[in-house]
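What follows is a set of notes on a single structure, which appears directly below.
Readers should treat all values here as calculations from the given coordinates under stated rules, not as data from a laboratory. Quick caveat: nothing in here was measured; it's all calculated off a predicted structure. A quick note on method: Cβ atoms are made from the backbone with ideal geometry, for glycine too, and the neighbour counts reach across all protein chains shown.
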Amino acid sequence: MNPLTEQEIRAAFVNCSKGEAKRLSVPRDLAERPWDDLDFLGWRDPRAPDRACLAVELDGRPVALTLRSPAVTPGTRRSMCSICMTTHTGGVSLMVAAKAGKAGQQGNSVGAYICSDLACSLYVRGKKDAGIGARLHESLTLEEKIERTVANLAAFIAQVTA
Ligand SMILES: [Zn+2]
């Protein structure tokens, strides 16, 4: 994806108030992120471990979400990320996004199981290892897996903004 600036990211949040978007913690090392290998940028708020955020470009426009997620607890249960289809042992968290606009203010939310470290792009490319058996043997090419990851994320965001 194209690199995003802090300003672009803050302006891209669709499911929180402008004030919240201003106060959210955005990574300081944006310039050093491996943008070429990212389908979306995901991060956790170091000051609020139950908060996660992600930013992506959809149709050339940056879109960002804030998510609630329980702090990562090492577990033995294997589960699959619904975005990148990587299976982890204890490395997938339920992430809940308040819906955009009025629906969100009324308490409606959408949840998805996502890699706890939000590093889906790197797992798909084999740049980060989730351990033995993490990836099903699939006949898809890397490009197809990347397309699927982006499509899954776009579908999640569409639910949030619906
Ligand atoms: Zn994932």
(request) Could you run the Karplus curve 6.51 cos²θ - 1.76 cosθ + 1.60 with θ = phi - 60° over region 11-18 and give me ³J(HN,Hα) per residue in whole Hz, x for Gly and Pro? (result) 6, 8, 5, 9, 10, 8, 6, 4
(message) Roughly how far apart, in whole Å, are the Cα centres of region 83-161 and region 14-74?
(response) 13
(message) Quick check: the angle from helix 142-161's long axis to the longest principal axis of the chain, C-alpha only, nearest 10 degrees?
(response) 30
(request) Pull up all non-local amide H partners of ASN108: gap of 5 or more, or a different chain, and H-to-H distance under 5 Å with H placed in the peptide plane. (result) LYS99
(request) Report the label-to-label distance for GLN106 and LEU94 in nanometres (one decimal), using points 7 Å from each Cα along the Cα→Cβ vector. (result) 2.2
(request) Quick one: which residues, 5+ away or cross-chain, put their amide H under 5 Å from the amide H of PHE40? H built at 1.01 Å from N. (result) SER121
(message) To the nearest 20 Debye, how big is the dipole of region 6-161 about its Cα centre, given +1 on the beta carbon of each Lys and Arg and -1 on that of each Asp and Glu?
(response) 660
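May I have the count of lysine pairs in the chain with C-alpha atoms under 21 Å apart, counting pairs 8 or more residues apart or located on different chains? The partial results should precede the final answer.
Working: LYS18/LYS99; LYS18/LYS102; LYS22/LYS99; LYS22/LYS102; LYS127/LYS145; LYS128/LYS145.
For the chain, the number of qualifying lysine pairs is 6.
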(request) May I ask what percent, to the nearest 5, of DSSP beta bridges between residues of the chain are antiparallel? (result) 95
(request) Write down the radius of gyration of region 1-96 and its Dmax, each obtained from C-alpha positions, in Å. (result) 13.9, 39
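What ranking do 47-58, 137-148 get when scored by the average of other Cβ atoms within 10 Å per residue, highest first? If you can, show how the numbers build up before the last one.
Numbers: 47-58: 17.4, 137-148: 11.2.
Sorting 47-58, 137-148 by mean packing, highest first, produces 47-58, 137-148.
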(request) Can you tell me what the convex hull of the Cα atoms of the chain projects to on average, as an area in nm²? (result) 9.4
